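Before any comments, here is the structure.
All of the numbers you see were taken from the coordinates with simple rules; none came from a lab. A quick note: this is a predicted structure, and the numbers were derived from the prediction, not measured. Heads up, the Cβs are rebuilt from the backbone with ideal geometry, glycines too, and the neighbour counts pull from every protein chain shown.
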Amino acid sequence: MPAALTPHLPALVRLRHDLHSHPELSYQEHRTAGQVAAYLQALGLPVRQGIGKTGVVASIYGTGFSADHPGPGVGLRSDMDALPLTETTGLPYASRHTGKMHACGHDGHTAMLLGAAHLLSQQRDFAGTVHLIFQPAEEGGAGAKTMMEDGLFQRFPCQAVFALHNWPDLPQGQMAVRVGPIMAANIRFEIRVRGKGGHAALPHTTRDPIPVACAIVTQLQTLVSRTLDPVDSAVLTIGKIEAGTVENIIPNEAVIYGTLRTLRDDTQATLVAGIERIAQHIAAAHECQALYIHKPGYPNTTNTPDEAALMAQVMAEVVGPDNTHPNIDPAMTSEDFGFMLQQVPGAYGWIGNGKNGQSGTSLHHPGYDFNDDNIALGAKFWDTLARRWLKLKRA
């Protein structure tokens, strides 16, 4: 543990537990943002609130630098929002709000970055500026995009930006990153199958959309396996079907709801075209119509080479080469940090959250909890990474 952080660690753990007890959903992080801002202001840092609705940014200037003369800038990003889940951990600091829970560890991400604020603010022997970005609404609200639309990188210029997420599939004390896509893009879609309803006893007078919808779902299961190169990755899931009101009425319409996750933009385009083609042709074969409705989600989280390499080097320094995975396999989960990486070079990595060398429950599980041992480790990582990036930039 960094000596400079030792006296502050108990307070950071208490703050993390407090945030866990009072989770707030996307764009509702008013209490969380207030706690974060107060902590940063107590360190003497200039703080801006309300960026992207409920986001917070604090800037730490190296010796000889200021808002008027910031020098090179690097961004460190943490997310703050919780999930709409009812917690089952039974912990003393469990959520006090039914239906809201920190089931993805964002409370821990916030504590790690506040720990880094201590280390960076106490020893400012670096040439440039570190911007600490506390982001709202990662869980489906595209808070990264909202902060950017509110002028994040214009008001706080960054030549690189980095993020870190706790990862239950890695033991605590290990870290991972990779060059290129580390998290998938995702979209949601609807397929509205329109037929002609009528009496269940007179199906010949109708164009029943339900079996048509079922046929579409069945055929979509072959789209990935028979369209993509086997070494490419994609996940197409139908999660919901709606149709009808009662048993003896054939409805006019059936609606299919699905998601698509891909690691490459061209793969996404190919599969979207395939979904629409299959739906329309199967519907036409049964004298029905199919309307495809596209709902854009998050882009790929694609790490740029130099920044990912730097992140891997710092990970190896902080946890040791044997505990660092510099070319980890990507995950098909999604992250709105991908929006930031579309505008600024950077990298996104994982910090192991497994307890006793074993992975715990999965992210987004009602029994999940962040590992407090990562607060000091994450703070040290952020402190080292920011200083190393600024040193390389100066060189």
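Model label sites at Tyr27 and Thr259, defined 7 Å from Cα along the beta-carbon direction, differ in position by 2.0 nm.
I need the calculated FRET efficiency for the pair Gln49 and Met332, taking r as the beta carbon distance and R₀ as 35 Å, to the nearest 0.05.
Working: r = 34 Å, r/R0 = 0.98.
E(calc), rounded to 0.05, equals 0.55.
Reported value for the chain: 150 Å³ per residue, from the convex hull of its C-alpha atoms. Computed over segment 185-296, the percent of Cα pairs more than 22 Å apart is 34.
Only Cα pairs within less than 10 Å get springs; with that Gaussian network setup on the chain, which residue of Lys295, Lys100, Lys355 has the largest fluctuation? Largest GNM mean-square fluctuation: Lys295.
Quote the FRET efficiency, to the nearest 0.05, computed for Thr86 versus Leu392 with a Förster distance R0 of 51 Å and r equal to the Cβ-Cβ distance.
On the way: r = 46 Å, r/R0 = 0.90.
Step by step, r from the Cβ atoms, then E = 0.65.
Rounded to the nearest 20 debye, the dipole magnitude of the chain is 480 debye, with +1 charges on Lys and Arg beta carbons, -1 on Asp and Glu beta carbons, and the Cα centre as origin. Spacing of the modelled spin labels on Ile249 and Asp306, each 7 Å from Cα toward Cβ, amounts to 6.4 nm. Which of the listed residues, Val212, Leu236, Ala290, is farthest toward the dipole's positive end in segment 185-296, when Lys, Arg count +1 and Asp, Glu count -1 at the beta-carbon? Positive-most Cα among the choices belongs to Ala290.
Bridging of Lys393 to lysines at a Cα separation below 29 Å is possible for Lys145, Lys380, once same-chain residues fewer than 8 apart are set aside.
Segment 114-148 and segment 327-390 have their alpha-carbon centroids 14 Å apart. Estimated purely from DSSP H runs of n ≥ 4, each contributing -39500 (n - 2.57), the mean residue ellipticity at 222 nm for the chain is -11000 deg cm²/dmol once divided by its residues.
Return the percentage of antiparallel bridges among DSSP beta bridges fully within the chain, rounded to the nearest 5 %. Of all bridge pairs located within the chain, approximately 70 percent are antiparallel.
If you take the beta carbon distance between Ala38 and Ala200 as r and set R0 to 41 Å, what does 1/(1 + (r/R0)^6) give as a FRET efficiency, to the nearest 0.05?
So the FRET efficiency works out to roughly 0.05.
For a modelled paramagnetic label at His69, 7 Å from Cα along Cα-to-Cβ, no residue of segment 363-395 is in reach, as no backbone nitrogen comes under 15 Å.
Each 5 Å bin from zero holds the following percent of Cα-Cα pairs in segment 1-85: 3, 12, 19, 22, 21, 13, 8, 2, 1, 0.
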